[in-house]
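Remarks on the structure that follows.
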Amino acid sequence: VSKAYYDQVPYTSQAYIETHPALLEAFGYLHGIDPPPIRSSRVLELGCASGGNLLPIAYSLPESRCLGVDFSERQVARGQKVIQGVGLTNAELRCQSILDFPRDAGPFDYIICHGVYSWVPVEVQDAIMGICRDCMAPNGVAFISFNVLPGWYLKLWLRQALLLLGKDVADPDLRVRRGVEFLDFLVTNEPHASMPISALIKQDLQWLKGRPSSYVLHEYLEEVNDPIYFQEFAARLARHGLVYMADGRVNGINVPNHPVMQRFLTETASDRVLREQYMDFLTNRAFRRALVVRAGQPIDFSQMERRLENMQIMSHCKPASVPPQGTSVPELKFPHPTAGHISTRDNGMMAGLLHLAKAAPQATTVRELLEVIQGGKGMSAEQFAPVRQMMIRELLQYVMTNLAHVYLSPPRFGAVPSEKPRVSALARFCSQSESRVTSLRHEPVDLDAQSAVFVQLCDGTRSVADLVAAMPGANEQMIRSAIGQLVKQALLEA
Ligand SMILES: C[S@@+](CC[C@H](N)C(=O)[O-])C[C@H]1O[C@@H](n2cnc3c(N)ncnc32)[C@H](O)[C@@H]1O
């Protein structure tokens, strides 16, 4: 992949919550290892583009030291402007090829490589794993995402079609538009629309139509695009003294919880790698976010439930309806904005999930949550003891299907509206030029023009009355509600 290409069409770099060291630390701990505490950690991101992911990490962990490398001068320069504008002292972006990264620069506690591995030549792929081997702390955690087969076979169909359709078009935007228009015709017009291939590509096409053209270009039209089977990835890790620990996000993919399938997996897949490989076939998986540790780290699934009890938990699931006080309902549904929903008939779990929803986006300790669940069931500690484990298992299931996040060190941000609200300096700075900023929970927040002005005014110097005066047409109630919204979006400093 040419450096010039990334300079010509910069990648829209943004935050990915699953790469934040807080979640790498939490997943490491949950899987039996004891990763370095994140507060004072050293973090490295390979292929960091303009730092849309790394700079919010650095901002959220002021005592950490974060280094990002990328060979695109234009992207790195853009990120360096943010570092200067915000006055970040713990972040550095370096214009350098991954191939030239010095192997004595470690140890790094957390290494992130998102959206790079499958789009670079094999020597760069090798360097990515080599850097993890040479530069990662003994108990460190690396995040490497990559495209997997068999799910990518269908996307390769799209890729080849898009490449062919846009081959003589120089303008990048037009290239994408030309290809998408053709494919759109294919899936919407008879007789093509009734052909099996239309049904197969429809979902992917819908997804890519909603993306900016820079995304489509880098996702589908890169010179190199090399999806591999999970088994092959695991073998490459092994050659570098590394091992797959878990996935940073399961993409909402759930292996069918069916006795026949469970028996098949237990009997046929004797080892972890084979089991994961079968699951990719079962779910036609196309993307993995591998959490990687050194071989020899004590990965231990048997401790998960016990370790979960020492953690904090947060969920974006909200009740579909809130039962009036003192009444009970047979079942309650808690939809999640992106990852499906939780349905429960258990009074205890209902109380627990209502408690989590009220606390969000702040995390709650799992112990406190278990007490609420016990209260919801109206049980004494003795009565609750035999069901406690079942409840923990249920919570773990939510975590493993992205319906909840767990933490050892939860993100810090304002939990209540303040009289002189102060939005994160990074979000204030970025809102001057971008409509998408990053929250202190490392999640994207989209701002319209008016919200961007409000965010910039909330710099900790203005009272509610000052804000009423500064926002045309606003009254106190509107300003208080807008500050409440900033709390919910995790944009306010603690
Ligand atoms: C598809 S973008 C992903 C950016 C970002 N990590 C993300 O997920 O949003 C790939 C990035 O890798 C960088 N890159 C590709 N090959 C590289 C190399 N050999 N050395 C350094 N950076 C490289 C590109 O400049 C680009 O910013």
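The values are calculated or read from the model by the stated rules, or taken from the named source; none is laboratory data. It should be emphasised that the depicted structure is a prediction, and the values quoted were computed from it without experimental measurement. Glycine gets a Cβ as well: all are built from the backbone with ideal geometry, and neighbour counts include every protein chain shown. Ligands, DNA and RNA are stripped out before the accessible areas are found, and what is left, the full protein with its side chains, is counted by its heavy atoms. Shrake-Rupley method; radii C 1.70, N 1.55, O 1.52, S 1.80 Å.
Things worth noting here:
- Looking across 269, 295, 246, one residue alone is modelled with pLDDT of 85 or more and open to solvent by less than 30 Å² (accessible area, probe 1.4 Å). It is 246.
- Residue match in segment 204-227 (condition: within 16 Å of the ligand (Cβ to nearest atom), open to solvent by 90 Å² or more (accessible area, probe 1.4 Å), in contact (Cβ under 8 Å) with a residue 12 or more places away in the chain and within 20 Å of residue 75 (Cβ to Cβ)): yes
- Check on residue 406, touching a residue at least 12 places away in the same chain (Cβ under 8 Å) and in contact with a Leu (Cβ under 8 Å, 6 or more places away or on another chain): yes
- Checking segment 92-99 against the condition returns no match, with no residue being open to solvent by less than 70 Å² (accessible area, probe 1.4 Å), within 11 Å of the ligand (Cβ to nearest atom), in contact (Cβ under 8 Å) with a residue 60 or more places away in the chain and in contact with a helix residue (DSSP H, G or I) (Cβ under 6 Å, 6 or more places away or on another chain).
The rows are residues; the columns are (1) surrounded by fewer than 22 Cβ atoms within 10 Å (Cβ to Cβ); (2) part of a strand (DSSP E or B); (3) within 26 Å of the chain's Cα centre (by Cα).
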position	(1), (2), (3)
412	yes, no, yes
418	yes, no, no
474	yes, no, no
490	no, no, yes
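- Those strands (runs of 3 or more DSSP E) of segment 55-162 in which at least 3 residues are farther than 22 Å from residue 429 by Cα, considering only elements entirely within it, cover 108-113, 136-149.
- Selection status of residue 366, modelled with pLDDT of 95 or more and on the phi < 0 side of the Ramachandran plot: yes
- Filtering 389, 432 for residues that are open to solvent by 40 Å² or more (accessible area, probe 1.4 Å) and assigned to a helix (DSSP H, G or I) leaves a single hit, 389.
- Long-range neighbours under 7 Å by Cβ, at least six apart or interchain, first residue free of Cβ contacts under 8 Å to residues at least 40 places away in the same chain within segment 119-130, second in a helix (DSSP H, G or I) and within 8 Å of the ligand (Cβ to nearest atom): 123/99; 124/98; 124/99; 127/98; 127/99
- Just one of the listed residues (300, 346) is surrounded by fewer than 19 Cβ atoms within 10 Å (Cβ to Cβ), among the charged types (D, E, K, R), at pLDDT below 95 and in contact with a His (Cβ under 8 Å, 6 or more places away or on another chain), namely 300.
- In segment 73-89, the residues that are open to solvent by less than 50 Å² (accessible area, probe 1.4 Å) form Cβ pairs under 6 Å with partners that are of a type in the set (Gly, Ala, Ser) and part of a helix (DSSP H, G or I), at six or more places apart or across chains, as follows: 86/425; 88/58.
- In the set (1) touching a residue at least 60 places away in the same chain (Cβ under 8 Å); (2) touching a helix residue (DSSP H, G or I) at 6+ places or on another chain (Cβ under 8 Å), residue 61 fails one condition alone, (1).
- Qualifying position, being closer than 23 Å to residue 18 by Cα and either within 16 Å of the ligand (Cβ to nearest atom) or among the β-branched types (Val, Ile, Thr) (or both), among 283, 266: 283
- Filtered residue count, segment 443-459, keeping only those that are closer than 16 Å to residue 491 by Cα and either exposed (fewer than 13 other Cβ atoms within 10 Å of the Cβ) or touching a Gly at 6+ places or on another chain (Cβ under 8 Å) (or both): 2
- Scanning segment 8-54 for residues that are open to solvent by less than 10 Å² (accessible area, probe 1.4 Å) and of a type in the set (Val, Ile, Thr), we see that the one that is nearest to residue 91 (Cα to Cα) is 43.
- Identity of the residue in segment 121-145, open to solvent by less than 10 Å² (accessible area, probe 1.4 Å) and more than 14 Å from the ligand (Cβ to nearest atom), that ends up nearest to the chain's Cα centre (by Cα): 141
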